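One structure is given below, encoded as structure tokens.
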Amino acid sequence: MMLAQCRIIEFPKIQDRRGNLTFIEENRHVPFEIKRVYYLYDVPGGESRGGHAHKQLQQVLIAVSGSFDVVLDDGFSREKITLNRPWQGLYIPQMVWREIENFSSGAVCLVLASEFYDEEDYYRNYANFLRAARGT
Ligand code: TYD
């Protein structure tokens, strides 16, 4: 089950009275080479993002500001995880359907990705994803 591979990663946190600092190193703090970084921001209240799964892509999601919920679904079970700590990331392997919702005002979702953008890597239809995930 791919859901069992999803996990929270704790990044280094350098605390300082001037403000905190977190850093992320490829292949050390995330289990893949980072080929792409993108971020979701200015998400209007009540909107959700995601609503897809990936055939190969692995990602780490980070709430660098604010908070949001991530609903994860591997075709067998579902889990909701709230991200609200800039020093934590959520690792999502391939073949996990995700929906990102309940964004707080000003939230920024930073995504580290193992591959360049490729529309061919997406399952955007849930029924098609389920069929592939369950091998039916
Ligand atoms: P999409 O992956 O559907 O966003 P979400 O994660 O909210 O589901 O991407 C939205 C649009 O942006 C879509 O037209 C593809 C484009 N896009 C890129 O061109 N490059 C990227 O790295 C990403 C993530 C999306």
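The values are calculated or read from the model by the stated rules, or taken from the named source; none is laboratory data. As the structure is a computational prediction, the values presented were derived from the model and not from experiment. Cβ placement follows ideal geometry from the backbone for every residue including glycine, while neighbour counts extend to all protein chains displayed.
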Query - Per-region count, region 4-35, residues modelled with pLDDT of 95 or more, more than 13 Å from the chain's Cα centre (by Cα) and in a strand (DSSP E or B) - result: 5
**Report entry** Output for region 89-136, where each listed residue is part of a loop (DSSP other than H, G, I, E, B), surrounded by 13 or more Cβ atoms within 10 Å (Cβ to Cβ) and not polar (S, T, N, Q)
**Finding:** 93, 95, 96, 103, 107, 115
Query - Selected residue (only one of 76, 23 is hydrophobic (A, V, I, L, M, F, W, C) and more than 26 Å from residue 132 (Cβ to Cβ)) - result: 23
Query raised in the report: Considering region 53-77 alone, what residues qualify as being touching a helix residue (DSSP H, G or I) at 6+ places or on another chain (Cβ under 8 Å) and not small (Gly, Ala, Ser)?
Result: 54, 55, 56, 57, 72, 73, 74, 76
Query raised in the report: Any chance region 84-101 includes a residue that's within 14 Å of the ligand (Cβ to nearest atom) and over 19 Å from residue 7 (Cβ atoms)?
Result: yes
